[in-house]
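Asks: Encoded as structure tokens, here's the structure I'll be asking about.
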Amino acid sequence: MRIIKGKGVVPEIAVGRFFMLDKKDAGAGITPSQSCTADISAELELFRTAANTAAKEFESLAIIAKDRAGDAEAEIFETHRLMLLDDDLSGEAEVLIKEGQSAISAIRISGDRLKAMLLGSDSDYMRQRAADVEAVCGKLLEILSGGTGEIKLTVPAVIGAFDLTPAQTLTLDRDMVLGFVTGAGGSSSHTAILARSMNIPAVVGAGEIPEEADGATVILDGCEGLLIISPDEDTLNIYKNRMEEKIAERKALEAMSDVSVSYKGKKIRICANIADHAEAEKARLSGADGIGLFRSEFLYMKYGRPPTEDEQLEAYKAAAMGVGRGDVIIRTLDAGADKDIPYLGMKKEPNPALGLRAIRLCLRREELFCKQLKALLRASAKENISILLPMITGAEELLTAKKIIERIKGELARDGIAFDPDTPVGVMIETPSAAIIADRLAENADFFSVGTNDLIQYTMAADRQNSDVSYLCDGVPESVMRLLANIGSCAENAGIWAGICGELAADTDLTEFFLESGYTELSVSPPHITRIKKKISELSGASVKAFRHDGKTHMT
Ligand code: PEP
Ligand code: MG
């Protein structure tokens, strides 16, 4: 038995066989493999799927490039797409796979051969084509070995990887992935956040995972942050009992799902954070009073191309119908930092978390922003939609975004398209700058929603994905507590409401502080809703009534 320590991010337990994703030679049940393979038809299928995905991405990039830059730039991506059909590359790769190479090594070998041939040419033009081969092979490898590629298991397992991208986490097959452990990552990374909303037992920041884990039986303890490799009989029994206790605890909390809570006479909304409209139904069943944060960028990741206005409209309406009550707060595209959306063709930046992220990107790429705003406003005609602007740092940015929203309203009105002219526009407070000038921002905001994940990262200058500096954020630093208190009181003074939608909202040790600071909404992953409601009921005491969603009084 061997125990590896990381950080538990989803307090659940999983027991099962362990598969390491980024080992040299992938084992049974996992694709893609890295070198030689016995399963030729599976590898061929993988290669062809990757080539198709890459072709679609190049096609979208060509359209975007034509729009934003011109025909010559669009031509680059069209060349890349055509290269995928080239016999010297794809044809050669398929031959190599049929000879027993894995999809990954076939791409590497055929790419290297073609590059060498081009670089040896006398023609300047041909030599320059080597860079295109590099780009095409890079894209195929990215799709096959992570990037936006899905992870497929053929048997249920606990998986391990150096890291998982948010897109990979989002597409994990919940029936097959019992839990996961990553060597890297922090507890408020988007990978951890998605694991929470999917309720997958998860441990991050575990460092190097020993090879002996691969194929062994393991226990993944998401409460204590442990990966227990080849556990002995006694340990297995202890964990089996713990799993039964957890099921009993969950059952006991279920009663809280149809209760709504208040504190000192004020109704407190406990809402859900979702990344996909399909999760809204789960949020309703968990007792959510509405959607406090719809991370719309995952919609953009899901399609592998920009979702059309109509596709967005349908997704936003579906989220509102799925949750069936309260407001649905949709955050505008928060791309950038760890949420790379390849087809947007964003520049590689040395500090992406401090770069062209979220509202900054939307203001730079107005066509993207306007399309989303149109869909949001159209959805507001029939549903309680609120618009939330991420990463605002100052009043100027907020006013610019609001001016664009007003312009879109004007266009919709001119075209006779229905929308709610009073659609609330809220500011996400997640930079120290916004937190400090919350009084100024409140003059032009209908509500505040505090993104504590980023607020902590930027206040402490500690990358939320870097486990080496996560100690700086443990226990909530005093500086962050002061900012949170300031935001709450600025909102109260301005007569607008404020909520917390970052991961701290689920920390019941802070619930009283939040409520005392004036916050009236806490938005968390659906599995946390009943726990928070129970905590508020306890804080309120027996004399304070909680109301069922059906309006009937319920004493807690
Ligand atoms: C936050 O920063 O707290 C937040 C809710 O947004 P995200 O985690 O998606 O950056
Ligand atoms: Mg954020």
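The values are calculated or read from the model by the stated rules, or taken from the named source; none is laboratory data. If you're wondering where the values come from, they're calculated on a predicted model, not measured in any experiment. Reconstructed Cβ throughout: ideal geometry from the backbone, glycine too, with neighbour counts over all protein chains shown. What goes into the accessible areas is simple: the full protein's heavy atoms, side chains included, and nothing from ligands, DNA or RNA. Shrake-Rupley method; radii C 1.70, N 1.55, O 1.52, S 1.80 Å.
Asks: Express the relative contact order of the chain as a whole percentage, based on alpha carbon pairs under 8 Å and six or more residues apart in sequence.
Replies: 15 percent
Asks: If DNA, RNA and ligands are ignored and the probe is 1.4 Å, what is the ranking of Ile436, Ile341 by accessible area, most exposed first?
Replies: The most accessible residue leads, giving Ile436, Ile341.
Asks: From the mean inverse distance of alpha carbon pairs (Kirkwood) and the Cα radius of gyration, derive Rg over Rh for the chain.
Replies: Reported Rg/Rh, Kirkwood definition of Rh: 0.99.
Asks: What whole-number value in Å² describes the accessible area per residue of the chain for a 1.4 Å probe?
Replies: Per-residue accessible area for the chain comes out at 43 Å².
Asks: Here's a follow-up. Given the Cα-Cα distance of Arg174 and Ala252 and 0.36 nm per residue of separation, how much length would full extension add, in nm?
Replies: Residue separation times 0.36 nm, minus the Cα-Cα distance, leaves 25.7 nm.
Asks: Further, regarding this structure: Please report, in debye to the nearest 20, how large the charge dipole of the chain is about its Cα centre when each Lys and Arg carries +1 at its beta carbon and each Asp and Glu carries -1 there.
Replies: So the dipole magnitude of the chain works out to roughly 1620 debye.
Asks: Can I ask one more? Lysines within cross-link reach of Lys240: Cα-Cα under 23 Å, excluding same-chain residues under 8 positions apart?
Replies: Those lysines meeting the cut-off are Lys5, Lys7, Lys251.
Asks: Given a 1.4 angstrom probe, I'd like the percentage of the accessible area of the chain that is carbon and sulfur, rounded to a whole number.
Replies: Carbon-and-sulfur percentage of accessible area, whole number: 52.
Asks: Output the direction-averaged projected area (hull surface divided by four) of the convex hull of the alpha-carbon atoms of segment 479-539, in nm².
Replies: 4.0 nm²
Asks: With each pseudo-label sitting 7 Å past Cα toward Cβ, what's the Ala278-Asn444 distance in nm, one decimal?
Replies: 3.9 nm
Asks: Counting only C-alpha contacts under 8 Å and six or more residues apart, can you give the relative contact order of segment 483-539 as a whole percent?
Replies: 37 percent
Asks: Roughly how big is segment 391-482's charge dipole about its Cα centre, with Cβ charges of +1 (Lys, Arg) and -1 (Asp, Glu), in debye to the nearest 20?
Replies: That gives segment 391-482 a dipole magnitude of about 200 debye.
Asks: Of Leu114, Leu472, which has the most accessible area and how do the rest follow, probe 1.4 Å?
Replies: Ranking Leu114, Leu472 by accessible area, largest first, yields Leu472, Leu114.
Asks: Sticking with this structure for a sec: In whole Å, what is the distance between the alpha-carbon centres of segment 317-378 and segment 209-287?
Replies: Here the two parts' Cα centres lie 29 Å apart.
Asks: Using only the heavy atoms of the protein chains and a 1.4 Å probe, how would Thr332, Thr217 rank by accessible area, largest first?
Replies: Sorted descending by solvent-accessible area, the residues read Thr217, Thr332.
Asks: Now for a different question. Label points 7 Å out from Cα along the Cβ direction at Lys266 and Ile404: separation in nm?
Replies: In this crude label model, Lys266 to Ile404 measures out at 3.2 nm.
Asks: With each run of n ≥ 4 DSSP H residues scored as -39500 (n - 2.57), what mean residue ellipticity at 222 nm is computed for the chain after dividing by its residue count and rounding to the nearest 500 deg cm²/dmol?
Replies: -14000 deg cm²/dmol
Asks: Quick one: which of Lys56/Lys382; Lys348/Lys402; Lys267/Lys534 span more than 22 angstrom between C-alpha atoms?
Replies: Violating the 22 Å limit, Cα to Cα: Lys56/Lys382; Lys348/Lys402.
Asks: Sort largest first and round to whole Å: the equivalent ellipsoid semi-axes of segment 157-304, each the square root of five times a Cα gyration tensor eigenvalue.
Replies: Over the Cα atoms of segment 157-304, the ellipsoid semi-axes are 30, 22, 13 Å.
Asks: With each pseudo-label sitting 7 Å past Cα toward Cβ, what's the Val95-Asp39 distance in nm, one decimal?
Replies: 2.7 nm
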